[in-house]
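Scroll down for the structure; my scribbles are underneath it.
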Amino acid sequence: MADNIKVMKEKDISKVTRRAKTGGVVAKVLTYAFLVFMAIVVLFPFYWMINSSLKSIEEYRMSTPTFWPQHVMWSNYSEAFRVANLGRLFLNTVIVGVVSTILSLIITVLSAFAFARLQFKGKNILFAGLLATMMIPGELFTITNYGTVNDLGWMNTYTVLIVPFLVSVFYIYLLRQNFLQIPNELYLAAKVDGTSDIKYLWKVMIPLSLPTIISITILKMMGAWNSYIWPRLVANDDLHKLITNGLRGTAFLDEAGETNYPAQMAAVALVSLPLFLVFVFLRKYIIRGVSRSGIKG
Amino acid sequence: MKVVLQNVTKIFPSRNKKSKESVIAVDDFTFTVPDGKLVGLLGPSGCGKSTTLYMISGLQKVSGGKIFFDDDDVTDLAAEKRGVGLVFQNYALYPHMTVRQNILFPLQNLKGDDKLSKDEMLDRATTAARLVQIDELMDRKPSELSGGQQQRVAIARALVKMPRVLLLDEPLSNLDARLRLQTREEIRRIQRETGITTVFVTHDQEEAMSISDLIVVMKKGIIQQIGKPQDVYDDPVNLFVAKFLGTPPINVFEGRVANGTLYIGEDAVLDVGGVEDREVTVGVRPEGFVYDPAGSLVCKLTGIEVMGRDMSVVSEKDGKVVRSIINSDVTVDPTLAEVRYTLKPNKVFIFDKTTEERIRF
Amino acid sequence: MVDNKQQWKAWLYLSPAIILLLVFTVWPIINTVRMAFLDGYKGLEAAGGATFSFGVQNFVKVVKYQKFLQCLGNTALMCVLTVPISTLLALFIAVCLNSIKALQKPLQTIFFLPYVTNTIAIGMVFAAMFNIVGSFIGTQNELISNAGIINNIITFFGGSNVNWINTGSSYAANIAVMVVYIVWNALPFKILILLGGLQSVNKQYYEAAKVDGTSRARTFWRITVPLLSPMIAYVVITGFIGGFKEYSSVIGIFGQSMGPANDAGRLNTMVGFIYDALSSNNQGRASAAALILFGIILVVTLINLYVSKKRVHY
């Protein structure tokens, strides 16, 4: 009797483990299949962009698509530069991006330092007030700002693309949190040694918060690279137009009103390339900033 | 250089907004740190010892009273102008700088006439590093150093600007036991070699006793006693000081004085002529017991721990544990039900039951 | 211990931020509310000296306005479709990613890639993929007859061509394209947050479930989802907020016509409506619409928070 039970148990156990094992393998295969399929879906537009950008317009229009260009047409890229005036667009975007990032960083660091390190009346109320403005959609500000910059005579200048967005409450918040993590003793030690606030900020706080500062820099640059609505409203002239606005214009239409897709895709690829490079080399910093923000660009 | 504190007081406003009461962290503090001496501020946490240190450094302002460095009144002088070196409990080393950069940092702040050339700075940094024996580690980051090494870097950083006063906040509390022993000798040596007037804060009486020229025992913002470690140990002014100093701690009994004799329970243990009849608290140092089969103090024996040179006899008197240290040449039979002691008069202190002040006899 | 020197210094350091915020954030809040409540307010006329009476006519007009209702409908529809789809998909991907060892890092990198893209630029790629080049009813000898790669794939699997975004396309087809693109765009952030959450879940819960013989599906719904509920709530809320501000993705696919060539503005959104009103100098109307948008976002967020407070498990 007892032996029988034992035998049955052993049988059951081996059956169960076998079933669990096959179940595990099937699950694993399904998991990988799903992930690889989704990865292909995610990557496909990038592949199609590059594939299309290298085709001749005739090949692009063929009823049976080719999955790699029969003749690689690098000339589409120079064509894109020519028709869409990409050089100027890149230059404008870089100028706006670099200047606004530098100024924005200065403002952010000084404000975060004041909130994290200095004592002043009304500090908590002011900080809470700043955080509250983060809830309001940006569109609400744009309506008035459009009038304000018009009154200031800033239309179609670099200034209008830079100044209104220099202060980011979110970045101030992010950096302040980082500053607060630096032990108070470091500040006291520096003070006993006669270090000025600015020197302490420069020599200790900024180096120790460098990862956050890099994250802010990247996100801010990406923001300039991707901004569309505001530039279209206030600086849509050829001298100051930014890259995204140039893309969605009418530059790629031919005389017949047909879009020159290969050249357009080449332009899109050129615009995406810097972002891609930033992503490859600085992914860690982007993820760091993004996982705390949820704001794109 | 001597440091003089004159009626120094520190009051913190209450954190609780409803109650207007403020906290007196340091109350009417007067004492002098003699030139070139090592002084330990000793007390349990919250006694105001760190606040005192911070007021000497200038990082905290006094609420009342004055502080002098020699004859200079530094009460209103900012921290950076006092020329003090401060070593923090957690060392506060800059984590992104190498040891060398950390030590150089205070020198790079010097301005005007005090400004040093690059070579001079490096020279000073090397000297300071050599003094604390970390000159091999100059290119490491703090995270690559052990606790004891970080401690030395912090001291070197404090010493490099040749401070008039060196202040150490709980310098040994973050080190393990073995390192603590070694480091306190090290601090003593460095202090002797440099001759800098040094004040340090600790809650560990053994630490304070072992290296200080002078200890200041504090409780709740009030100085209890100032003196040489051995003097304070041998002659405490109240029960708090007696209990705070010494390991194992002093044995405390309820007792009474009747007709010039001190009683613990029913045992007449000591002649204390001159003290009027009253109830008292009796403190007996562990080394104050003499094993004596004819002794008058009778305790129930519970255990014997031999620790080499000495042995510790654990017994009970009226439900209280009594721990005595006895030379291990004496043999005590562990099977005995009770032990008897006579007491060394200079190791017995009696205190008023309510004020806990010492009653001398 | 507030000393005067620090006060003075703090305000000095904060001054650039405060001045800019006053001009470009605080004043706009006040002014937008003001303009919204001045009937028929127009910037140009106001500059010319015209005065406007206080009232709620802007709101009444906006709400009754056919175009506005269309924009609101489009926005809400896209939101309601994309947030659940992208959240569920992201959740599955995150759980799968978390369960594998080999290839985890490279796959993670791939799934994050759409985040670092220019919404409009990649929207143009999607448009190209869905686009029909030339006429798709084309005759035999017509060269220009590419129905677009997506249609090619559909016909490869036996389906028939769909007019996705060109002239004469259906509203349903347009919305389908928008949903695909918005979900594609929304996945990386959601995967990032959910995967981060999963990786911080204590493995012991899963070991305990395994010991008890809990099935995979049950483990997923009864352990993973509840433990992840704070992160799920977070991505849903940010998803709704982002969804109600949808605009660039429509521009990316359809261009500034915001719809197929024969029906411009068919896919216009709330934000698009505000900008159109602003471009035509109807600041009063734009302000009213912006405040309504703010109100909707606030209400949706509060509902989400309320629901998640009941459902979020810790």
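For the residues of C:191-203, the average number of beta carbons from a partner chain within 10 Å of their own beta carbon is 1.
In whole Å, what three semi-axes, largest first, describe the equivalent ellipsoid of the stretch C:146-281 built from its Cα gyration tensor (square root of 5 times each eigenvalue)?
Rounded to whole Å, the semi-axes are 40, 23, 10.
Placing a pseudo-label 7 Å from each Cα along the Cα-to-Cβ vector at B:Val332 and A:Val26 gives an inter-label distance of 7.6 nm. Anisotropy class assigned to chain C is oblate, per the alpha carbon gyration tensor with a/c at or over the 1.5 cut-off and a/b no larger than b/c.
How would chain A be classified by its alpha-carbon gyration tensor: rounded, prolate or oblate, with rounded meaning a/c under 1.5 and the a/b versus b/c comparison settling the rest? Since a/c reaches 1.5 but b/c is at least a/b, the shape of chain A is classed as oblate. Quick check: Cα centre of the stretch A:134-166 to Cα centre of the stretch C:163-191, how many Å? What the calculation gives is 31 Å, centre to centre. The equivalent ellipsoid that matches the C-alpha gyration tensor of the stretch B:3-244 spans semi-axes of 30, 22, 17 angstrom, in descending order.
Please identify which residues in the stretch B:315-332 have an amide N closer than 18 Å to a label point set 7 Å out from the Cα of B:Arg256, following the Cα→Cβ vector. Backbone N within reach: B:318-319.
Exposure here means at most 15 other Cβ atoms within 10 Å; with GluC sites (Glu not before Pro) in a DSSP loop as sites, the longest stretch of chain B lacking them is B:137-265. Remark on the stretch B:181-340: hydrodynamic radius 18.0 angstrom, per the Kirkwood mean of 1/r across alpha carbon pairs.
Given the stretch C:199-244, what whole percent of its Cα pairs are spread farther than 11 Å? Each step should come with its number before you reach the end.
On the way: 723 of 1035 pairs.
Counting every Cα pair in the stretch C:199-244, those more than 11 Å apart make up 70 percent.
Distance between the modelled labels on C:Ile29 and B:Lys300, one decimal in nanometres: 7.4 nm (7 Å Cα→Cβ projection). Taken over the stretch A:36-90, the percentage of Cα pairs per 5 Å bin, counting from 0 up to the bin with the maximum distance, is 4, 18, 21, 19, 17, 13, 6, 2.
When the convex hull of the Cα atoms of the stretch C:26-136 is projected onto a plane and the area is averaged over all directions, what value comes out in nm²? Intermediate values should be presented prior to the final figure.
Numbers: hull surface 55.1 nm².
For the stretch C:26-136, the mean projected area of the Cα convex hull comes to 13.8 nm².
Jot down the per residue volume, in cubic angstrom and as a whole number, of the convex hull over the alpha-carbon atoms of the stretch B:1-118.
Values: hull volume 19.4 nm³, N = 118.
Given the Cα convex hull of the stretch B:1-118, per-residue volume reads 164 Å³.
Sequence-distant contacts, meaning Cα pairs under 8 Å at least 6 residues apart, place the relative contact order of the stretch B:251-359 at 29 percent.
Which of B:Lys228/B:Lys317; B:Lys66/B:Lys111; B:Lys37/B:Lys161; B:Lys2/B:Lys66; A:Lys241/C:Lys190; B:Lys111/B:Lys141 have a Cα-Cα distance over 21 Å?
Details: B:Lys228/B:Lys317 33 Å; B:Lys66/B:Lys111 28 Å; B:Lys37/B:Lys161 19 Å; B:Lys2/B:Lys66 14 Å; A:Lys241/C:Lys190 32 Å; B:Lys111/B:Lys141 27 Å.
Those over the limit are B:Lys228/B:Lys317; B:Lys66/B:Lys111; A:Lys241/C:Lys190; B:Lys111/B:Lys141.
Based on the convex hull around the alpha carbon atoms, the stretch C:200-274 presents an average projected area of 7.5 nm². Peptide B:90-98 shows a mean partner chain C-beta count of 5 within 10 Å per residue C-beta. Counting only other residues whose beta carbon sits under 12 Å from that of A:Thr31, what net charge do I get with K and R as +1, D and E as -1? Computed value for this residue: +3. Given axes a ≥ b ≥ c from the Cα gyration tensor, I'd like to know whether the protein assembly as shown is rounded (a/c under 1.5), prolate (a/b larger than b/c) or oblate. It is prolate, given that a/c is not under 1.5 and a/b is the larger ratio. A Cα-only calculation for the stretch B:251-359 places Rg and Dmax at 13.9, 42 Å.
Among C:30-39, A:177-186, the peptide with the highest mean count of other Cβ atoms within 10 Å heads the list, and the full ranking is C:30-39, A:177-186. At a threshold of 8 angstrom on Cα-Cα distance, excluding pairs fewer than six apart, so keeping six or more, what relative contact order does chain A reach in percent? Relative contact order, chain A: 29 percent.
Residues considered: B:Gly319, B:Gly64, B:Gly46. Largest GNM mean-square fluctuation over chain B, using C-alpha springs under 10 Å, is found at B:Gly319.
Computed over the alpha carbons of the stretch A:90-144, Rg followed by Dmax gives 15.1, 45 Å.
Given the rule -39500 (n - 2.57) for each run of at least 4 DSSP H residues, summed and divided by the residues of chain C, what is its mean residue ellipticity at 222 nm, to the nearest 500 deg cm²/dmol?
Details: 15 runs with 212 residues, N = 314.
After summing the helix terms and dividing by the residues of chain C, the value is -22000 deg cm²/dmol.
Averaged over residues, the count of other Cβ atoms within 10 Å places the peptides C:175-182, C:159-166 in the sequence C:175-182, C:159-166, highest first.
Between C:Asn4 and B:Phe12, the FRET efficiency from the beta-carbon distance, with R0 = 22 Å, is close to 0.65.
Structure remark: mean-square fluctuation, Gaussian network model of chain B, C-alpha springs under 10 Å; the largest value among B:Ala177, B:Ala154, B:Ala125 belongs to B:Ala177.
Averaging the sequence gap over all C-alpha pairs within less than 8 Å and six or more residues apart, then dividing by the number of residues, gives chain C a relative contact order of 28 percent.
As a calculated quantity, the FRET efficiency between A:Ala128 and C:Lys309 at R0 = 22 Å, using C-beta atoms, amounts to about 0.50. For peptide C:253-263, the mean count of partner chain Cβ atoms within 10 Å of a residue's Cβ comes to 1.
Label positions at A:Phe34 and A:Tyr158, each projected 7 Å from the Cα along the C-beta direction, are separated by 5.1 nm. Across the stretch A:87-241, Cα-Cα pairs farther apart than 20 Å form 57% of the total. Here B:Lys220 is the anchor, and the aspartates and glutamates within straight C-alpha reach of less than 14 Å, apart from those fewer than 8 places off in the same chain, are B:Asp27, B:Asp28. With a Förster radius of 35 Å applied to the C-beta separation of B:Gln89 and C:Phe220, the computed FRET efficiency comes to 0.10. Between the C-alpha center of the stretch B:289-361 and that of the stretch B:139-159 there is a gap of 45 Å.
No value in this document is a laboratory result; all are computed from the given coordinates. If you're wondering where the values come from, they're calculated on a predicted model, not measured in any experiment. So basically every Cβ, Gly included, is an ideal-geometry build from the backbone, and we count neighbours across all protein chains shown.
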